[in-house]
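Heads up, the thing below is written out as structure tokens.
The values are calculated or read from the model by the stated rules, or taken from the named source; none is laboratory data. This is a predicted model, so every value here is computed, not measured. All Cβ positions, glycine included, derive from the backbone under ideal geometry; neighbour counts span all protein chains shown. Areas reflect the complete protein model, heavy atoms only, side chains present, ligands, DNA and RNA absent. Shrake-Rupley method; radii C 1.70, N 1.55, O 1.52, S 1.80 Å.
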Amino acid sequence: MNAKSAFRLLITVAAAFVFWTLLNRFVLDPDASVFLSYKTKLTRQMNLPVWLTMLNVHVIFACIAIAAGAINFASAKLRKYRKTHRILGYVYVVDVLAVCITSDYMAPFATGGKVVSVAFNLLNIIWIFITANAYLDRQGRVENHRR
């Protein structure tokens, strides 16, 4: 598979995932009743309006992060358009922070209990660490930034 085909595949999968996620969250299950039906044996009281707001913010920013990341990560053409690449990079950084903050709020209510909650929080730490490293390596260390 050549780079152009791989880029098209990445963009197609990312677009399909974003489309399905937005369709499922805001059209097929707008009150999240199906998703919430799996949340049994919670050890903490859930403030549903706040939790749903956090879920909505989480989903929207995650979808934007997926789109911005896929475009920036896969497109060699953006090397010609450094300003566009930089703007998408800043969008990605802000989105990662928003996703991690909302995830931190929602993690204690994760289906699967404390083990799953810890896993979500660990994933957030790793994601912020990787994103921060890429951000800090953006000036003068292009190879490190790409990795």
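Quick notes
- Criterion violated by residue 31 - all others in (1) open to solvent by 60 Å² or more (accessible area, probe 1.4 Å); (2) assigned to a helix (DSSP H, G or I) satisfied: (2)
- Residues of the stretch 100-116 satisfying the condition of being surrounded by 15 or more Cβ atoms within 10 Å (Cβ to Cβ) and either among the aromatic types (Phe, Trp, Tyr) or on the phi > 0 side of the Ramachandran plot (or both): 105, 109
- Listed by first and then second residue, the pairs linking a residue in the stretch 65-86 that is under 29 Å from residue 101 (Cα atoms) and at pLDDT 85 or above to a residue that is assigned to a helix (DSSP H, G or I) and of a type in the set (Val, Ile, Thr), with Cβ atoms under 7 Å apart and 6 or more places separating them unless they lie on different chains, are 65/96; 65/99; 66/18; 67/18; 68/91.
- If you go through the stretch 3-14 and pick out every residue that is of a type in the set (A, V, I, L, M) and open to solvent by less than 60 Å² (accessible area, probe 1.4 Å), you end up with 3.
- Restricting the stretch 34-49 to residues that are modelled with pLDDT of 80 or more and part of a helix (DSSP H, G or I), the residue that is surrounded by the fewest Cβ atoms within 10 Å (Cβ to Cβ): 49
- For the stretch 76-97, the criterion of a residue being open to solvent by 70 Å² or more (accessible area, probe 1.4 Å) and either over 27 Å from residue 133 (Cα atoms) or in contact with a strand residue (DSSP E or B) (Cβ under 8 Å, 6 or more places away or on another chain) (or both) is satisfied by no position.
- Flag if residue 52 is open to solvent by 40 Å² or more (accessible area, probe 1.4 Å) and either out of contact with any Cys (no Cβ under 8 Å at 6 or more places or on another chain) or in a helix (DSSP H, G or I) (or both): no
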